[in-house]
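Scroll down for the structure; my scribbles are underneath it.
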Amino acid sequence: MKKIFSLFLVYILFCTTVFAKDLRFVQIDGVRYSKKHNSETLEKVINNVNKQKDIDFVVFTGDNIDRPDPKILQDFLCEAKKLHKPFYIVVGDKDVNKHKDMSKKDYQKLVRKKVSNIRAKETNYAFEKNGVVFLVVDGAKDVIPSSNGYYKDDVVEWVDANLDLYNNKNVIILQHFPLIPPEDNENYVTFKPQKYFEVIQKHNNVKAIISGHFSVNKEKTVDGVIHISTAPAPYYRIIDIFDCTSKNPTIWAEVVEVK
């Protein structure tokens, strides 16, 4: 009997070791890069991230450049490629403006050209890592740019459709503009977020929404969803997901300041 029990314990430990999956990634927000401004900040952040262990990928969650200019975006992407890991891009309010030669289509076209692992033609796209699905969600406005985010109906419908599509997987949403304001600031709040909230609430596979924009490091949990807001570079987040394919993964977000 003792032998059978011992074999059972060995089997459980084996299954836990073999099948449990963890995931670690880095979020960087608000670089606002140009050759004259914050180039040194980005270099320091990249060097610091490259020293971290077991990073699977990096995501830049918006306001990646200081103004919508193709040359600045190209320079930013060249610097970002110094990361030792794949990276993904979210659009922020500083990044796009149709009237200044940088529409969302122009932005994403250049990103696709320069970043081999990003093949999406649209600024809303999905990718999967270790069984977790990540939705990159665009709330920026390129016709009349504003510091207030707005997730249009077609974007919310896209989120809803993808949450249905991946209903058997855990989903992390990556976006620039928070749904839950981390602090009171009318200049930064998201415009008419109710439909988006309703979509999130009707699905049980959204585990976290990770954003920036407010220049603060804060976390709130609402209806079982962790809302993580990260301050601009030189801060960044290391986000760990433990047992990431289980129904209730553990998510741990650490703030790093690069000095």
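Laboratory data are not the source of any read-out in this text; all were calculated from the coordinates shown. Only a predicted model underlies this, so the values are computations on that prediction, with no experimental measurement involved. Because the Cβ atoms are built from the backbone with ideal geometry, glycine has one as well, and the counts that use them run over all protein chains shown.
Annotations
- Between LYS98 and VAL115, the distance separating the two model label sites (each 7 Å from Cα on the Cα→Cβ line) works out to 2.3 nm.
- Residue among ARG24, ARG119, ARG67 with the largest mean-square fluctuation in a Gaussian network model of the chain, springs linking Cα atoms under 10 Å: ARG119
- Helix 2-19 axis, angle to the chain major axis (alpha carbon atoms, nearest 10°): 10 degrees
- Dipole axis of region 64-106 (+1 Lys, Arg; -1 Asp, Glu on Cβ), positive-most option in PRO68, SER103, PRO86: PRO86
- Approximate spin-label separation SER39-ASP164, in nm, with each point projected 7 Å along Cα-to-Cβ: 4.8 nm
- For region 40-171, size of Cβ-based charge dipole, Lys and Arg +1, Asp and Glu -1, in debye: 560 debye
- Counted charge near ARG119, where neighbours are those whose Cβ lies closer than 13 Å (Asp, Glu -1; Lys, Arg +1): +4
- Among the listed pairs LYS21/LYS81; LYS169/LYS259; LYS51/LYS98; LYS109/LYS129; LYS53/LYS141; LYS94/LYS169, those beyond 29 Å (Cα-Cα): LYS169/LYS259; LYS51/LYS98; LYS53/LYS141; LYS94/LYS169
- From its DSSP helices (H runs of at least four residues, each -39,500 (n - 2.57)), the chain gives a residue-normalised ellipticity at 222 nm of -9000 deg cm²/dmol.
- Under 20 Å from LYS35, Cα to Cα: aspartates and glutamates that are on another chain or at least 8 residues apart: GLU43, ASP63, ASP66, ASP69, ASP75, GLU79, ASP93, ASP95, ASP101
- Cα gyration tensor shape of region 22-257, rounded if a/c is under 1.5, else prolate or oblate by comparing a/b with b/c: rounded
- Under a Gaussian network description of the chain, with springs only between Cα atoms under 10 Å, the residue in GLN175, GLN27, GLN201 that fluctuates furthest is GLN201.
- Distance between the 7 Å Cα→Cβ label points at SER147 and THR221: 3.2 nm.
- Residue-wise HN-Hα coupling along region 40-47, computed from phi with Karplus coefficients 6.51, -1.76, 1.60 (Hz; x: Gly, Pro): 5, 4, 4, 4, 5, 5, 4, 4
- Sorted peptide list for 89-97, 126-134, criterion being average Cβ within 10 angstrom, highest first: 89-97, 126-134
- Backbone HN-Hα couplings from phi across region 83-92 [Karplus 6.51/-1.76/1.60, Hz, Gly and Pro as x]: 4, 7, 10, x, 9, 10, 10, 10, 8, x
- Using the Cβ-Cβ distance between GLU128 and GLN74 with R0 set to 22 Å, the FRET efficiency from 1/(1 + (r/R0)^6) comes to roughly 0.20.
- 0 to 90° range, to nearest 10: angle between helix 104-114 axis and the chain longest Cα axis: 60 degrees
- Relative exposure of LYS81, LYS141, judged by other C-beta atoms within 10 Å (fewest first): LYS81, LYS141
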